[in-house]
1. Show the residue pairs meeting these rules: Cβ distance below 9 Å; 6+ apart or different chains; first residue within the stretch 157-175 and over 15 Å from I58 (Cβ atoms); second residue β-branched (V, I, T) and surrounded by fewer than 19 Cβ atoms within 10 Å (Cβ to Cβ).
2. Given the condition over 30 Å from D112 (Cα atoms), open to solvent by less than 80 Å² (accessible area, probe 1.4 Å) and aromatic (F, W, Y), answer yes or no: does some residue in the stretch 197-215 qualify?
3. Can you name the condition, by its number, that L66 falls short on among (1) within 14 Å of F113 (Cβ to Cβ); (2) at pLDDT below 95; (3) surrounded by 15 or more Cβ atoms within 10 Å (Cβ to Cβ); (4) out of contact with any Leu (no Cβ under 8 Å at 6 or more places or on another chain)?
4. Which of the residues that make up the stretch 47-69 are of a type in the set (G, A, S) and in contact with a strand residue (DSSP E or B) (Cβ under 9 Å, 6 or more places away or on another chain)?
5. Which residue, of K182, K99, is farther than 15 Å from A80 by Cα and among the basic types (K, R)?
6. What residue, of A98, A129, is assigned to a helix (DSSP H, G or I), of a type in the set (A, V, I, L, M) and over 19 Å from the mean Cα position of the chain (by Cα)?
7. Count, please, the residues in the stretch 1-57 that happen to be in a loop (DSSP other than H, G, I, E, B), in contact (Cβ under 8 Å) with a residue 24 or more places away in the chain and open to solvent by less than 30 Å² (accessible area, probe 1.4 Å).
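The values are calculated or read from the model by the stated rules, or taken from the named source; none is laboratory data. All of these numbers come straight from a predicted model, not from anything done at the bench. Don't worry about glycine lacking a Cβ; one is built from the backbone with ideal geometry, like all the others, and counts go over all protein chains shown. To get the accessible areas, we keep the full protein, side chains included, count just its heavy atoms, and leave off ligands, DNA and RNA. Shrake-Rupley method; radii C 1.70, N 1.55, O 1.52, S 1.80 Å.
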Amino acid sequence: MLNLYHGSQAIIEKPYFHGGKATNDFGYGFYCTEDIELAKEWACGNPDNNGIVNKYSIDVAGMIILDLTDGRYSILNWIALLLKFRTFNLSSEVSIEAKEYLLNKFSIDIDDFDIIIGHRADDSYFTFARDFLNNTISIRQLSEAMKLGGLGKQTVIVSKKAFDSLQFKGFEVVNGSEYYAKRKNRDAKARNDYVDKTRKTLLSKEDIFVIDIMRRELKDESL
């Protein structure tokens with residue numbers, strides 16, 4: 001049994017299957033977290049309004065789960081999914097070519113999965129991914145950047161089977177001004193640490209940039 005939390009401006013007793021936005025991180029789905037404090041922050045996008053944390057449980061027995069963080073997948077699989085669903089403003093020739101290469105070599109077909117677990121591409125994390133596509137940081141630096149700010153993971157309910165198994169357990173009202181400030185501070189810390197630490201780390205001969213991936217025609221098994 002898994003306990004999940006969804007930050008929102010509304011009470012959601014029965015999430016709508018195939019709801020949400022097609023341009024979310026992994027497309028249509030119901031985006032949750034196992035961390036209630038993070039859900040409270042995600043519920044408060046405006047300091048003037050209180051948020052709502054909806055609480056759920058789900059029996060994952062028999063569910064087909066894609067966990068992008070369990071070691072079987074690389075950070076490039078995560079980026080390839082972002083490129084498939086999210087909108088990136090790519091202007092350099094390297095980034096445009098990198099998008100096509102990663103989509104072709106590292107994308108995952110998610111149609112057969114019930115639940116997807118992966119990094120959440122908050123504003124700062126989206127910036128890190130874009131820097132990688134622009135050949136500014138290496139795979140190692142990107143992986144380190146994903147740990148900044150303690151943003152954690154999101155658990156996304158994607159199949160009708162998973163939606164039908166989701167049980168509403170109540171809700172909690174969240175103080176908007178308090179958790180909006182926490183959300184902004186977390187994002188600011190991630191950005192500052194990225195500039196002060198990750199971007200300034202010394203490169204090694206083993207560092208691989210996106211242009212290296214394309215030139216060497218690397219695939220999952222090559223990394």
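1. Pairs found: F171/I11; F171/I12; E172/I36.
2. Within the stretch 197-215, one or more residues are over 30 Å from D112 (Cα atoms), open to solvent by less than 80 Å² (accessible area, probe 1.4 Å) and aromatic (F, W, Y).
3. Only one criterion in (1) within 14 Å of F113 (Cβ to Cβ); (2) at pLDDT below 95; (3) surrounded by 15 or more Cβ atoms within 10 Å (Cβ to Cβ); (4) out of contact with any Leu (no Cβ under 8 Å at 6 or more places or on another chain) is unmet by L66, namely (2).
4. Once the filter is applied, which keeps residues that are of a type in the set (G, A, S) and in contact with a strand residue (DSSP E or B) (Cβ under 9 Å, 6 or more places away or on another chain), the stretch 47-69 yields G51, S57.
5. Checking each option against the conditions leaves just K182.
6. Among A98, A129, only A98 is assigned to a helix (DSSP H, G or I), of a type in the set (A, V, I, L, M) and over 19 Å from the mean Cα position of the chain (by Cα).
7. Residues flagged as in a loop (DSSP other than H, G, I, E, B), in contact (Cβ under 8 Å) with a residue 24 or more places away in the chain and open to solvent by less than 30 Å² (accessible area, probe 1.4 Å) within the stretch 1-57 amount to 7.
Here's the yes/no breakdown for (1) outside any loop (DSSP other than H, G, I, E, B); (2) in contact with a Phe, Trp or Tyr (Cβ under 6 Å, 6 or more places away or on another chain); (3) of a type in the set (A, V, I, L, M, F, W, C):
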| site | (1), (2), (3) |
| --- | --- |
| Q154 | yes, yes, no |
| K161 | yes, no, no |
| E178 | yes, no, no |
| K182 | yes, no, no |
| R186 | yes, no, no |
| R191 | yes, no, no |
| K197 | yes, no, no |
| T201 | no, no, no |
